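Everything on this sheet refers to the single structure shown next.
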Amino acid sequence: MAEREQKKRSSTTRAEEKAPEEAPAASATGEKLKAELDDLLDEIDEVLEENAEEFVRSYVQKGGE
Amino acid sequence: MAVKKVCGIETEYGIHHLGGDNPVSSSSMLVSAYVADLERAGWDFEDESPGNDARGYTREGAMPPAVETHLVNAVLTSGARYYVDHAHPELSTPECSDALELVRYDKAGEEVLRRSMVAVNRILPDGQRITVYKNNSDSKGNSYGCHENYLMDRALPFARLADQVTSHFVTRQVYTGAGKVGSEAGGSHAREVTYQISQRSEFFEETIGLETTLKRPIVNTRDEPHADPKRYRRFHVIVGDANLCEVATFLKVGTTALVLSMIEDDALGNVELRLSRPVQAIRQISYDLSMREPVELVDGRTAGALDIQWELHRLARKYADERGLDSVGGEGVGREILRRWEEVLHGLETDPSAVARQVDWAAKLQLIEAYRDRHGIGWDDHRLAALDLQYHDLRPERSLFARLDAERLVEEESVMAAVVQPPRSTRAYFRGECLRRFPGAVNSANWDSLVFDVGTGPLQRVPMMDPLRGTAEHTEALLDGSTSASELLERLSAG
């Protein structure tokens, strides 16, 4: 366990050192992701089964294996 | 020295038949529609003995699964087996030699089911439709499996294997879990669960046992090697979720193959990772999205799921440096397993959304959170259960998973090739190629033999007791030089 703790700490330090220059890129990526997610949610609203309750209720399986 | 971890996945798919009421016949129609146009051989049941227990006995009251010989059952030219098991369509991939190859064949399996849906829906009456889901639960307390198989050295005592592998099986769900809205278990704790990591974890009631349908055990003892029983064991793993994310399948198989190799080589020998209550722990971890809640170890200490995974990863790295990675596909695939394992654990401990392109439960959770946010709905809204189910829908036009930008590890083109071509690195090559080249002459097949009917004389059985023989390297020239099955058999017996 000790070895890993050490390794994790050192990788955290590296991440912190890099953080300032990476920050703008990261937030731009975040914006892009959010926009993509919005588009995706629009699409999901279109393809999601219309009567959710009935759809879920009718999905009954026999146990398997 | 650990034996090469030849591996495969058997997936039972969920099936919904609009306008139908018998899932067994719906499954049969689905599988038949696919195989109707294909040259295929029947399955040979000579080798089936699912009631054998790896511990050397059958426990009183144990109920080995019945082999249902009357249902549709086919071997494909990829070396896969496609059939009806209980009330589900099931596809067993061909034997693969490493986790990356298996990702390719697992995805090819999905494509077989997709093509089956197209084929069956073309012939169903108006108003009827069959849809297939790659998940493990109907959210009403019924579960169906996604099993893995790994080639093991028979010399390894099963008790040691079971004892040492359990911690991995209980904690690997942090990246193999496919995510589930709500809970199907009883009890006040379960009722408070809004979302959990695994589809399957709640269904495990024993630490070890032979059953797969009742009182499911974390370690399954089915002893049916489908290979030389003196040398090999086929370790049958029933504790996993079916994954859609390629990275999740890669890690599920890759980390497990590595851990099993380490157990064979006694590299996990003195590790004190054993859990005092595995059945309770597997459920607790599934409910704990932080993955940090401590579970009890037998030595009195506690550890979180991520801690245990980090420790296994550290030991695996050490093992790789000292003993090499030959058994899990060599340096290339082996190092990739270690690298991705580390990357995913880092992501999970930072924020699960960091691994939403790699891990199914994280992908589904991100989708659900965004959907809840947009519509301002609570966890009990039916649309979330619908979204959960539809994540696993295999129809491209309906699948929510297909709309996510999940990371891919295999080229689409190579997946399409794997629908019909066998892997070159195991005996599946010989099985698949014989079917492709001499479809009329293969009477039947199973995992460890092929039966030929060349029209004259008795049926001839060709045994394939070693999963690592019958590869392209061993048999391609022989096959290329044979213009008929009779010629092939003559050359084989001439040795």
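Applying the selection to the range B:393-452, what residues are surrounded by fewer than 19 Cβ atoms within 10 Å (Cβ to Cβ) and in contact with a Pro (Cβ under 6 Å, 6 or more places away or on another chain)? Correct list: B:Ala402, B:Ser449.
The set of residues in the range B:92-104 being farther than 14 Å from B:Tyr150 by Cβ, in contact with a Gly (Cβ under 9 Å, 6 or more places away or on another chain) and open to solvent by 10 Å² or more (accessible area, probe 1.4 Å) consists of B:Leu100 alone. Does the range B:352-363 contain at least one residue that is open to solvent by less than 20 Å² (accessible area, probe 1.4 Å), out of contact with any helix residue (DSSP H, G or I) (no Cβ under 6 Å at 6 or more places or on another chain) and within 12 Å of chain A (Cβ to nearest Cβ)? Yes - at least one qualifying residue is present in the range B:352-363. Screening A:Gln6 against (1) at pLDDT 75 or above; (2) more than 9 Å from every other protein chain (Cβ to nearest Cβ) leaves a single unmet condition, (1). Out of B:Glu296, B:Glu272, one residue alone is of a type in the set (D, E, K, R), assigned to a strand (DSSP E or B) and open to solvent by 10 Å² or more (accessible area, probe 1.4 Å). It is B:Glu296. Among residues of the range B:111-134 that are closer than 25 Å to B:Glu413 by Cα and in contact (Cβ under 8 Å) with a residue 12 or more places away in the chain, those with a beta-carbon under 7 Å from a residue that is open to solvent by 10 Å² or more (accessible area, probe 1.4 Å) and in a loop (DSSP other than H, G, I, E, B) at least six positions away or on a different chain give the pairs B:Met117/B:Arg395; B:Thr131/B:Arg395. Applying the set (1) closer than 23 Å to B:Gln173 by Cβ; (2) away from every other protein chain (no Cβ under 14 Å); (3) touching an Asp or Glu at 6+ places or on another chain (Cβ under 9 Å) to B:Ala418 leaves exactly one unmet item: (1). Considering the conditions (1) modelled with pLDDT under 60; (2) surrounded by 14 or more Cβ atoms within 10 Å (Cβ to Cβ); (3) in contact with a Gly (Cβ under 8 Å, 6 or more places away or on another chain), B:Asn73 is excluded by exactly one of them, (1). Any residue that is in the same structural domain as B:Lys252 (by TED's automatic domain parsing) and part of a helix (DSSP H, G or I) - is there at least one of those in the range B:207-214? Taking every residue of the range B:207-214 in turn, none turns out to be in the same structural domain as B:Lys252 (by TED's automatic domain parsing) and part of a helix (DSSP H, G or I).
The values are calculated or read from the model by the stated rules, or taken from the named source; none is laboratory data. All figures in this text were calculated on a predicted structure; none of them were measured in a lab. Positions of Cβ are backbone-derived with ideal geometry, glycine not excepted, and every protein chain shown enters the neighbour counts. Calculation scope for accessible area: heavy atoms of the full protein, side chains included, ligands and nucleic acids excluded. Shrake-Rupley method; radii C 1.70, N 1.55, O 1.52, S 1.80 Å.
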